[in-house]
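Chemist: Handing you this structure, nothing more for now.
The values are calculated or read from the model by the stated rules, or taken from the named source; none is laboratory data. Keep in mind that this is a model prediction, so the values were computed, not measured. Positions of Cβ are backbone-derived with ideal geometry, glycine not excepted, and every protein chain shown enters the neighbour counts. Areas reflect the complete protein model, heavy atoms only, side chains present, ligands, DNA and RNA absent. Shrake-Rupley method; radii C 1.70, N 1.55, O 1.52, S 1.80 Å.
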Amino acid sequence: MSVLPAAGRAAECAELQINLRAIADNYQIIKKRYKGRTCGAVVKADAYGLGAQTIVPVLKKQGCRLFFVAQANEAADLFPLLRGGGRIAVLNGVLPGDEEFFIENDVIPVLNDLGQIERWSNLCREHERPAPAFIHLDTGMNRLGLAPREIGELVDRYSSLLYGFEKAGYMTHPAAADEAENPVTAEQYELFMKWYRRLPPAPRGFCNSSAIFRNNDYHLEFCRPGFALWGGNPTPETTNPMRPVVKLTAKVLQIRQIDAGEAVGYGNTWRAERASRIATVAVGYADGWLRSLSNAGKVRIKGHEVPYVGRVSMDAISIDITDLPGKPLQPGDMIPLIDDKMTVDDIASAAGTIGYEVLTSLGHRYRRVYTES
């Protein structure tokens, strides 16, 4: 005899709500703020873990026609969604063996070194087709992109390579635009413009989410926001201009009374200083709930903050609800972990990380609900 798994909403222990209306509104907020010509969208890592298959059509409906992903296989997943308009650019560039994929499917590589530029130029000549490519000029990140030495060589010795294909644009990546007082962003912009003036004309893109909100001088021909679209704060030192997108609720599994001196969780890292009521909640690091929140996170329930106690485990966290007023929590109650009062950025701060990691870590055991509120 086989036993079927429990079905329906009652069997699920946590729910992740993703507000598509808020994503659409955030795109329009950025589009209105940006004084340049083209506002793209970074939808890599499955739209930061929120579901590119659902979100890309929403952004397309808002007028977005330029989508950035990290890897070629992410581009392939978007093909069915972009029929009738839309271009895909791959930030990792065109690696050896992938060239035909880009040419045959009209995918735009972001060329990150002289070798990629040379291969792309030669490939376009072989196909007698000047296919488009972005060129990434590294201005200080020292990650991807042409280093200053390579940019100099491109300008002085290899500029003929740039005439073998369509230049979709030059781009760079601000390293510290989320820090309002950091001078690096302005320095990167000046270096980017210095190199651009020595290269053949093409559209320019400087801005990520934060740079859009820093200086209108940075508003060139195109931008590529990501984190802000999903409700992250692009200006952490001020009120968030974006609408919150994500809500996460999880089920209370058990309530127990413990005595002073008793410990909670693996390693006995927290001990009660008084008689306490502890609620165990169904979310853990298997759900992408960061272990660094151990003894550090907080939950906001009915306007009151209660602390995490003990370590985050694979499937559960524990919270101290001793001082929570009002009707006592019961097993089966759903409590908010992320909402407009305890945001992705708040969780990140408690975990000692950034909101990007919180978003992209959210697992697939949650019941996912897309809303339009």
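Chemist: So how many Å³ per residue does the convex hull of the Cα atoms of the range 35-224 work out to? Before the final figure, lay out the partial values.
Modeler: Working: hull volume 22.1 nm³, N = 190.
Enclosed volume per residue, from the Cα hull, is 116 Å³.
Chemist: So for the chain: antiparallel DSSP bridges make up what percent, rounded to the nearest 5? All intermediate terms of the calculation are to be shown ahead of the outcome.
Modeler: On the way: 26 of 52 bridges.
If we restrict to bridges inside the chain, about 50 percent are antiparallel.
Chemist: A further question on this structure: Putting +1 on Lys and Arg Cβ atoms and -1 on Asp and Glu Cβ atoms, find which of Phe134, Ile108, Gly84 reaches farthest to the positive end of the dipole of the range 35-224.
Modeler: Highest projection toward the positive end goes to Gly84.
Chemist: Could I ask something else about it? With a 4.7 Å Cβ cut-off, tell me which Cys residues in the chain come up empty for a partner.
Modeler: Here Cys13, Cys39, Cys64, Cys124 come out as lacking a disulfide-compatible partner, given the Cβ-Cβ threshold of under 4.7 Å.
Chemist: Any idea what % of Cα-Cα pairs in the range 246-371 are farther than 22 Å? List each step's numbers first, then the result.
Modeler: Values: 2355 of 7875 pairs.
More than 22 Å apart: 30 percent of the Cα pairs in the range 246-371.
Chemist: Identify the trypsin sites (Lys or Arg not before Pro) of the range 44-136 meeting these criteria: DSSP loop state and at most 14 other C-beta atoms within 10 Å of the C-beta. Walk me through the intermediate numbers first.
Modeler: Working: sites: Lys44, Lys60, Lys61, Arg65, Arg83, Arg87, Arg119, Arg125; in loops: Arg65, Arg83.
Answer by residue number: Arg65, Arg83.
Chemist: Same structure again: Can you list the aspartates and glutamates whose alpha carbon sits under 19 Å from that of Lys44, skipping same-chain ones fewer than 8 residues off?
Modeler: Output for Lys44: Glu74, Asp77, Asp98, Asp106, Glu357.
Chemist: Residue-wise, which Karplus ³J(HN,Hα) couplings in Hz belong to the range 285-298, taking 6.51 cos²θ - 1.76 cosθ + 1.60, θ = phi - 60°, and x for glycine or proline?
Modeler: Each residue of the range 285-298 in turn: 5, 5, 9, x, 7, 4, 5, 5, 7, 3, 6, 10, x, 9 Hz.
Chemist: Right, something else. For the range 246-371, what is the number of Lys pairs with C-alpha distance below 13 angstrom, counting only pairs 8 or more positions apart or on separate chains?
Modeler: Close lysine pairs found across the range 246-371: 4.
Chemist: Using modelled backbone amide H atoms (1.01 Å from N, in-plane), which distant-in-sequence or interchain residues come within less than 5 Å of Gly297's amide H?
Modeler: Under 5 Å from the amide H of Gly297 lie the amide H atoms of Tyr308, each far enough along the sequence or on another chain.
Chemist: For Lys35, which aspartates and glutamates qualify as cross-link partners when the Cα separation must be under 14 Å and same-chain residues fewer than eight apart are set aside?
Modeler: Asp217, Glu221
Chemist: Helix 52-61 against the longest principal axis of the chain: what's the angle in degrees, Cα atoms only, rounded to the nearest 10?
Modeler: Roughly 60 degrees between the two axes.
Chemist: Quick one: check the C-alpha center-to-center distance for the range 86-139 versus the range 47-64, whole angstrom.
Modeler: Each part's Cα centre sits 24 Å from the other's.
Chemist: How much net charge surrounds Arg33 when only the other residues with a Cβ under 13 Å from the Cβ of Arg33 are counted, with Lys and Arg +1 and Asp and Glu -1? Walk me through the intermediate numbers first.
Modeler: Working: positive: Lys31, Lys32, Lys35, Arg214; negative: Asp25.
Charge balance in the 13 Å sphere: +3.
Chemist: Out of Tyr170, Pro200, Val184, whose Cα points farthest toward the positive end of the dipole of the range 165-214 (charges: +1 Lys, Arg; -1 Asp, Glu; placed on Cβ)?
Modeler: Value: Pro200.
Chemist: Something else about it: Here are several values of semi-axes √(5λ) of the Cα gyration tensor in Å: [x] 35, 27, 17; [y] 45, 22, 18; [z] 38, 22, 19. Which one was derived from the coordinates shown?
Modeler: [y]
Chemist: Quick one: which residues, 5 or more positions from Leu146 or on another chain, have an amide H under 5 Å from its amide H? H modelled 1.01 Å from N in the peptide plane, none for Pro or chain starts.
Modeler: Here His136, Leu137, Asp138 satisfy the definition.
Chemist: Also: What are the ³J(HN,Hα) values, in whole Hz, obtained from phi via the Karplus relation 6.51 cos²θ - 1.76 cosθ + 1.60 with θ = phi - 60°, for each residue of the range 117-122 in sequence order, with x given for Gly and Pro?
Modeler: Working through the residues one at a time gives 4, 5, 5, 5, 4, 5 Hz.
Chemist: Also, I was wondering about something else. Each residue of the range 24-37 in turn: what ³J(HN,Hα) in whole Hz from Karplus with 6.51, -1.76, 1.60 and θ = phi - 60°, glycine and Pro shown as x?
Modeler: These are the phi-based 3J(HN,Hα) values: 4, 5, 5, 4, 5, 4, 5, 4, 6, 6, 7, 8, x, 8 Hz.
Chemist: Same structure, new question: Rounded to the nearest 10 Å², what accessible area does Thr269 show when all protein chains are kept and the probe is 1.4 Å?
Modeler: The accessible area of Thr269 comes to roughly 60 Å².
Chemist: Further, regarding this structure: Hey, got the dipole for the range 35-224? About the Cα centre, +1 on K and R Cβ, -1 on D and E Cβ, debye to the nearest 20? Working shown, then result.
Modeler: Numbers: 21 positive and 24 negative charges, 140 e Å.
Roughly 680 debye for the range 35-224.
Chemist: Skipping prolines and chain starts, which residues have an amide H placed within reach, meaning under 5 Å, of the one on Arg311, given they are 5 or more residues away or on another chain?
Modeler: Residues meeting the criterion, in which the H sits 1.01 Å from N, are Tyr266, Thr269.
Chemist: Using only Cα atoms and rounding to the nearest 10 degrees, what angle (0 to 90) does helix 184-196 make with the longest principal axis of the chain?
Modeler: 20 degrees
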